[in-house]
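Participant: Sending over a structure as structure tokens; questions will come in a sec.
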Amino acid sequence: MRILMISQIFAPELSMVLSLAKGLKQNGHDVQVLTGFPNYPGGKVYPGYKIRLWQRETIDDVPVLRVALYPSHDNSSFMRAVNYASFACFSASIGLFLSKTPDIVYAYDPLGNIGVTALCFHLLKGIPFVYHIADLFPDTLAVSGMFYSKGVFSVMEKWCLFVYKHASWIVVQSPGFKNALLSRGVSDNKIHLVYNWCPDENKIRPIDRDEMLAKKLGLANRFNIVFAGPIGKAQALDAVLDAAHIIDGHFPAIQVVIVGDGIAAARLRDRIRDEKLTNIIFLPWCSAKDIAAILALSDVALVHLKDEPLFRITIPGKTQAYMLAGKPILMAVRGDAAEIVERAKAGHTCVPEDPESIAKSIKTFFKMSRIERDLMGECGRQYYQRELSISRAVQKFENIFKLALENKGNGK
């Protein structure tokens, strides 16, 4: 099959789509990627790139076409909207004409804007597309604090339903996402469940502690609770800082380590400084290889999101990375994500945005033996290999693509 994969966020920002592209290519498919210039999560163009109308490159033998966009990912709702809209505009125009004509389009949409481009390929060239919903729109916009307008949300919901109608198949990341689409009138027969995978399977894995690195980063001789990933309004890390404040003084060995960057990072750093919170440290956003080394120094890996209905059907991507690294998980998210951790026996769950509950769970982990925590981490790693790996995802997507092409031939 000739497969065009469309995603605004791509390597070197995040490798979710790249890992799938490599898996499909290894199975003999002709794969190409249409994306933008890397600027996520900070909104600044990555070193080695410069915004231009388009640029071609090859990453891990996968041909990539980058098209222009306006780089932004700050607190301005308007500028972030311009970021999403600019990519939709250029990918649906320049990308449409410069991409090799594929048999099928795969649209990975974490931002709610990729449907424009997928529809252009479908309506103008007759190419079927598989629509992979990474975040549920327009719901995510309200929860993230980007903006809220009842009228705009109504229009966006109708737009999403229009995209769903024209997609050959819709792929969702959790049972809750599927139920949400069913409640909006999407046909059950059109939806496929494919759990997210860790995009850096070759880099995220159980490795030995580097004691020199531990001393350098301030993680030596401490019980480290590590949160790694984007730091925005959705992550609601104020509650984690509050939990650390509750623990501080009573359990001096316990330390919260926040690794990442995002629109809320500067404010949280200011709060740590102003409140003199001594059991929390910040480390900058880093590569997957460096994350693996930091996770090796962790005792518990933390997932936290706002206590919102939308996040009860969301499985944060760091869940899979923590499982693959063999780390016990403190899941401060309700719903589908908590159920996976419980099913895998990979950790404990607690109430999100509840500092007392978070602190209590941290203390529970601290009082456990190292053997008990290691067993949780191993259970999570084995569950990942069975149910969540990229090889499983590639098999599922190959079948979905074949079904889409068969249905096209049958006149669907």
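We did not get these values from a lab; they are worked out from the coordinates using the rules stated. Small disclaimer: the values here were computed from a predicted structure and weren't measured. Using ideal geometry, Cβ is built from the backbone for each residue, glycine included, and neighbour counts are taken over all protein chains shown.
Participant: Bin width 5 Å, origin at 0, all Cα-Cα pairs of region 59-130: what percent of pairs per bin?
Facilitator: 3, 16, 24, 24, 17, 9, 5, 1
Participant: Convert each backbone phi in region 202-218 into a coupling constant with the Karplus relation 6.51 cos²θ - 1.76 cosθ + 1.60 (shift: θ = phi - 60°), then list the ³J(HN,Hα) values in order as whole Hz, x for Gly and Pro.
Facilitator: 7, 10, 8, 6, x, 9, 6, 5, 9, 5, 5, 5, 4, 5, 5, 8, x
Participant: Also, quick follow-up: Want the number for Met156 to Arg370: 0.36 nm per residue separation, take away the alpha-carbon distance, what's left? Walk me through the numbers on the way to the answer.
Facilitator: Working: separation 214, 0.36 × 214 = 77.04 nm, distance 4.90 nm.
Full extension of this stretch gives 72.1 nm more.
Participant: Sorted from fewest to most neighbouring beta carbons within 10 Å, what does the list Tyr49, Tyr40 look like?
Facilitator: Arranged by neighbour count, lowest to highest, Tyr49, Tyr40 become Tyr49, Tyr40.
Participant: Taking θ as phi - 60°, what are the ³J(HN,Hα) couplings along region 39-45 by the Karplus curve (6.51, -1.76, 1.60), each to the nearest whole Hz, with x for Gly and Pro?
Facilitator: For region 39-45, the Karplus curve yields 8, 8, x, x, x, 10, 5 Hz.
Participant: Could you tell me the distance between the Cα centroids of region 102-133 and region 1-45, to the nearest Å?
Facilitator: 14
Participant: Relative contact order for region 211-387: what is it in percent, counting Cα pairs under 8 Å that are at least 6 residues apart?
Facilitator: Relative CO of region 211-387 lands at 22 percent.
Participant: Provide the gained length on full extension for the span Asp60 to Asn407, in nm with one decimal, where the gain is 0.36 nm per separating residue minus the Cα-Cα distance.
Facilitator: The span from Asp60 to Asn407 would gain 121.7 nm if fully extended.
Participant: Using only the alpha-carbon atoms, what does region 43-101 span along each of its principal axes? Please give whole angstrom values in decreasing order.
Facilitator: The principal-axis extents, from largest down, are 36, 25, 17 Å.
Participant: Would you work out which of Gly317, Ala338, Leu305 lies farthest towards the positive end of the dipole of region 211-387? Charges go on Cβ: Lys and Arg +1, Asp and Glu -1.
Facilitator: Gly317
Participant: Express the C-alpha Rg of region 211-387 as a ratio against the empirical globular expectation 2.2 N^0.38 Å, rounded to two decimals.
Facilitator: Here the Cα radius of gyration is 0.94 times the empirical estimate.
Participant: May I pose another question? Between Val351 and Arg184, take the C-beta separation as r, use R0 = 41 Å, and let me know the FRET efficiency to the nearest 0.05.
Facilitator: 0.90
Participant: Have a look at the chain and give its Rg and Dmax from the Cα atoms, expressed in angstrom.
Facilitator: For the chain, the Cα radius of gyration and maximum Cα-Cα distance read 21.2, 68 Å.
Participant: Nothing charged except the Cβ atoms of Lys and Arg (+1) and of Asp and Glu (-1): what's the magnitude of the dipole of region 312-410 about its Cα centre? Round to the nearest 20 debye.
Facilitator: Roughly 180 debye, rounded to the nearest 20.
Participant: Right, next: With unit charges on the beta carbons (Lys and Arg positive, Asp and Glu negative) and the dipole taken about the Cα centre of the chain, which residue among Asn196, Met79, Gly126 sits farthest to the positive side?
Facilitator: After comparing all options, I get Gly126.
Participant: Quick one: if you stick a label point 7 Å off each Cα along the C-beta vector at Glu378 and Met212, how many nm between them?
Facilitator: 3.0
Participant: Okay, moving on. Using each residue's phi in region 89-98, evaluate 6.51 cos²θ - 1.76 cosθ + 1.60 at θ = phi - 60° and report the 3J(HN,Hα) Karplus result to the nearest Hz, with x for Gly and Pro.
Facilitator: Each residue's phi maps through the Karplus curve to give 5, 6, 6, 7, 10, 4, x, 4, 8, 9 Hz.
Participant: Let me know the shape class of region 332-408, please: from the alpha-carbon gyration tensor, a ≥ b ≥ c as square roots of the eigenvalues, rounded when a/c is under 1.5, otherwise prolate if a/b is greater than b/c, or oblate.
Facilitator: oblate
Participant: Okay, moving on. Could you list, in their original order, any pairs among Lys178/Lys402; Lys22/Lys318; Lys22/Lys396 whose Cα atoms are separated by more than 25 Å?
Facilitator: Violating the 25 Å limit, Cα to Cα: no pairs.
Participant: Where nothing but the Cβ of Lys and Arg (+1) and of Asp and Glu (-1) is charged, how large is the charge dipole of the chain around its Cα centre, in debye to the nearest 20?
Facilitator: The dipole of the chain has a size of about 660 debye.
Participant: Okay, next question. Bin all alpha-carbon pair distances of region 211-273 at 10 Å intervals from 0 and give each bin's fraction as a whole percent.
Facilitator: Pairs per bin, as whole percents: 20, 50, 29, 1.
Participant: Return Glu13, Glu342 ranked ascending by Cβ neighbour count within 10 Å, so the fewest neighbours appear first. If you can, show how the numbers build up before the last one.
Facilitator: On the way: Glu13 19, Glu342 13.
In order of increasing Cβ crowding within 10 Å: Glu342, Glu13.
Participant: Just rank Val45, Val172, Val226, fewest to most, by other beta-carbon atoms within 10 angstrom.
Facilitator: Placing the least packed residue first, the sequence is Val45, Val172, Val226.
Participant: Given the pairs Lys276/Lys306; Lys44/Lys165; Lys44/Lys216, which are separated by over 31 angstrom at their Cα positions?
Facilitator: The answer is Lys44/Lys165.
Participant: Across the Cα atoms of region 1-110, what radius of gyration and what greatest pairwise Cα-Cα distance (Dmax) are found, in Å?
Facilitator: 13.5, 43
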